[in-house]
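Structure first, commentary second.
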Amino acid sequence: MNTKISASILSADFSRLGEELKNAEKAGCDMIHFDVMDGHFVPNLSYGIPVLKSVRHCCAIPFDVHLMITDPMSYIDAFADAGADHITFHAEAVSDPRAVIDKIRSRGLTAGISVKPKTPVETVFPFIDLVDMALIMTVEPGFGGQGFIPDTLEKIAALRKEADQKGVPLDIEVDGGIGFNTAPKVRAAGANVLVSGSYIFRSEDMPAAVASLRR
Ligand code: DX5
Ligand code: ZN
């Protein structure tokens with residue numbers, strides 16, 4: 001499976017966000033990872049629909065929206081209208097994941113389901129043939145620049161095994177603490193979509209940093 005890189009703009013320079021998106025695209029990133037926080041599901045706030053809409057035209061690569069919010073269902077239409085290509089929600093936030101997946105797909109978007117580091121990976125097993133992607137958080141969601149949690153490698157491997165056994169070509173995304181040192185470990189465990197924020201946006205040479213995640 002080819003490794004895809006999704007650039008988390010949480011670590012970008014917001015005073016020149018459009019330019020940062022263009023740089024990420026030029027550097028070889030496959031997607032822009034857009035972290036939405038509500039101060040409730042996670043203890044932080046970030047940005048939302050108007051920001052996404054205003055920068056959508058700045059690059060052509062897909063917008064991978066990661067909703068760290070308590071009520072994802074209520075905002076799917078607005079993110080779809082604003083130009084999202086993919087929406088991932090958290091399994092911990094909803095009582096009926098299938099309904100959220102159906103709603104995302106009804107808007108023509110691809111769908112993802114995510115679990116925090118302490119949530120058992122088995123939580124997503126019943127949904128892997130309904131989604132396009134499963135996101136295993138490799139840090140506690142809410143902040144960029146944290147250290148990778150090594151215990152999450154077992155969850156990635158268990159999820160890849162389950163997907164392979166069911167014959168599901170699942171994208172497994174990892175998010176948090178991904179850089180030069182951790183990328184080979186998560187790839188070996190079975191992840192094929194790597195979110196990276198601080199590592200690529202704070203590097204001196206973004207194309208080299210992006211390429212290093214694929215090696
Ligand atoms: C954390 C976010 C991540 C974050 C990753 O809650 O979901 O996308 O930006 O940042 P780094 O790559 O700096 O760990
Ligand atoms: Zn994220």
Checklist entry - Within the accessible area of the chain, what % is carbon and sulfur when the probe is 1.4 Å and the other protein chains stay in place? => result 52 percent
Checklist outcome for this item: So for R0 = 22 Å, FRET eff. of I149-N181 from the Cβ-Cβ r, to 0.05, ends up at 0.95
Item to check | Sum of -39500 (n - 2.57) over DSSP H runs of 4+, divided by residues of the chain (222 nm, nearest 500) | outcome: -9000 deg cm²/dmol
Item to check | Heavy-atom accessible area per residue - segment 4-214, 1.4 Å, Å² | outcome: 41 Å²
Next on the checklist: Can you tell me, using C-alpha contacts under 8 Å and at least 6 residues apart, the relative contact order of segment 1-111 as a whole percent?
Outcome noted: 22 percent
Item to check | segment 1-98: translational diffusion in µm²/s, Stokes-Einstein, Kirkwood Rh over Cα pairs, 37 °C, 0.692 mPa s | outcome: 236 µm²/s
Next on the checklist: Could you tell me what a quarter of the Cα convex hull surface of segment 125-180 works out to, in nm² with one decimal place?
Outcome noted: 4.3 nm²
Item to check | All-pairs alpha carbon distance profile, segment 4-214, 10 Å steps from 0, percent | outcome: 9, 38, 39, 13, 0
Item to check | segment 45-101 - convex hull of the alpha-carbon atoms, volume per residue in Å³ | outcome: 79 Å³
Checklist entry - segment 2-35: which trypsin sites (Lys or Arg not before Pro) are DSSP loop and have at most 13 other beta-carbon atoms within 10 angstrom? => result none
Checklist outcome for this item: So, relative contact order of the chain in percent, Cα under 8 Å, 6 or more apart, is 21 percent
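The values are calculated or read from the model by the stated rules, or taken from the named source; none is laboratory data. Please read these numbers as outputs of a predicted model, since none were measured by experiment. Counting neighbours? That spans all protein chains shown, and the Cβs are built from the backbone with ideal geometry, glycine included. We work out accessible area using only protein heavy atoms, side chains counted, and drop any ligands, DNA or RNA first. Shrake-Rupley method; radii C 1.70, N 1.55, O 1.52, S 1.80 Å.
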